[in-house]
Amino acid sequence: MLEFYKNKKVLITGHNGFKGSWLTLILKHLGAKIIGVSLKLDKNHSKKNLINIFKLKNEIREYFIDINNFTKLKQTIIKEQPDIIFHLAAQSLVYEAVKYPLKNYHTNIIGLINVLESLKYTKKTKFVSIITSDKCYINDEKKNLKESDQLGGDDPYSASKACAEIISKSYYKTYFDKNLNIYTFRGGNVIGGGDFLSTRLVPDLINFVYDNQKLILRNTNSSRPWQNVLDVLFSYLLYSEILYKKNIRFENMNIGPDKSYKVEKILKYFTNHYDLKIKYGIDFNKKDIEKKYLKLNCEKSKKYFNFRRMSFDKSLKKTFNWYDSFYLKENMRIFSNNEIIEYINNYIKN
Ligand SMILES: NC(=O)c1ccc[n+]([C@@H]2O[C@H](COP(=O)([O-])OP(=O)(O)OC[C@H]3O[C@@H](n4cnc5c(N)ncnc54)[C@H](O)[C@@H]3O)[C@@H](O)[C@H]2O)c1
């Protein structure tokens, strides 16, 4: 497995985001040719960006295109004729979506439609794997959510991800039932080195330690199915390959661990790791729109392939070690490549 990606032309939308950059690095390791489509980084963010940190710029072809611009996106897909697409580009932050709902809905809904419409103009693409979220369900906080549960979302980000699910299925049913496979993946909160987006828990903790920024937390009692960035990305790669090889035209799948953990557990690990007694503020100004409890039922994915996942403690250790190495100015390309090799040897080959 995974040799499948060797020499394939893979287009990643959102390639310079947190997950997209790691996916680019992994796919480079597997021998794929990468085309990236993302927004251009502004100067303030370019030092803390994984494509730059991993020094990948000269090894991939990048297009800085707004996916809301259908003409440009279509032209790029026609020109590149990718074998495979991973669609990760999105407005990915819950509270940004509250602040700027129009931008959120445009990118997460019209942007996705533009990707799918563009695919009508290429016969080469075998499948598109669309990354939505575990927040795409109506969550009554009472049960573990499974794929057949009702889609919906009470806040704009969640609603846009529920729409992305509905739209993806409608394109499969209406247009692509014979010549293009569509898979959607509903993953939970991701932790790992190299996420620098504030209002996400780990980057906020890291900014507190290394950049002296004020620490404002939301709900320390909330539970989430946290997973390591390598677990989630290898899941996208493995399940896409398996589904394609099984000739499955359309599938949706939860991606995550069996357990959810409270934010408090991460805080405890964090304070031990840095030997800190922290004082943090709770942001009471923000309207509390997030669910306290979110847990996924991931039995469907296991029926296809049940691979070992990283334990939560190990994931936390690896995550904070990554940032420590980054701030100690280690070569993060080599460091992260070694993490990928170790992951394949320990979790996939066994
Ligand atoms: N990180 C998580 O914990 C998590 C959890 C569940 C789902 N997801 C989903 O996974 C995907 C990737 O998440 P991430 O954490 O890497 O996000 P990120 O915010 O780090 O990266 C977003 C990427 O999308 C691109 N992008 C945004 N708007 C665009 C536009 N209009 N046109 C072109 N490109 C655009 C950005 O340039 C960037 O490359 C997203 O779809 C997100 O909703 C993330």
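The values are calculated or read from the model by the stated rules, or taken from the named source; none is laboratory data. Not measured: the values here are computed from a predicted model. For neighbour counting, all protein chains shown are included, and Cβ atoms are generated from backbone atoms with ideal geometry for every residue, glycine included. Heavy atoms of the whole protein, side chains included, go into the accessibility calculation; ligands, DNA and RNA do not. Shrake-Rupley method; radii C 1.70, N 1.55, O 1.52, S 1.80 Å.
May I ask you to verify whether LEU88 is modelled with pLDDT of 95 or more and either open to solvent by less than 20 Å² (accessible area, probe 1.4 Å) or among the aliphatic types (A, V, I, L, M) (or both)? The answer is yes for LEU88. Taken over segment 166-189, the criterion of being within 12 Å of the ligand (Cβ to nearest atom) and not basic (Lys, Arg) is satisfied by THR184, PHE185, GLY187, GLY188, ASN189.
Residues that are in contact with a strand residue (DSSP E or B) (Cβ under 7 Å, 6 or more places away or on another chain), within 13 Å of the ligand (Cβ to nearest atom) and touching a residue at least 12 places away in the same chain (Cβ under 8 Å) number at least 1 in the following helices (runs of 4 or more DSSP H) confined to segment 1-65: 18-29.
Checking segment 257-268 against the condition returns no match, with no residue being under 25 Å from TYR95 (Cα atoms), touching a Lys or Arg at 6+ places or on another chain (Cβ under 7 Å) and charged (D, E, K, R). Of the residues that make up segment 217-235, is at least one within 26 Å of ASN338 (Cα to Cα), more than 14 Å from the ligand (Cβ to nearest atom), at pLDDT 90 or above and under 20 Å from the mean Cα position of the chain (by Cα)? Yes.
Counting only helices (runs of 4 or more DSSP H) that sit completely within segment 243-350, those holding 3 or more residues that are surrounded by 18 or more Cβ atoms within 10 Å (Cβ to Cβ) and in contact (Cβ under 8 Å) with a residue 40 or more places away in the chain correspond to 263-273, 312-327, 332-343.
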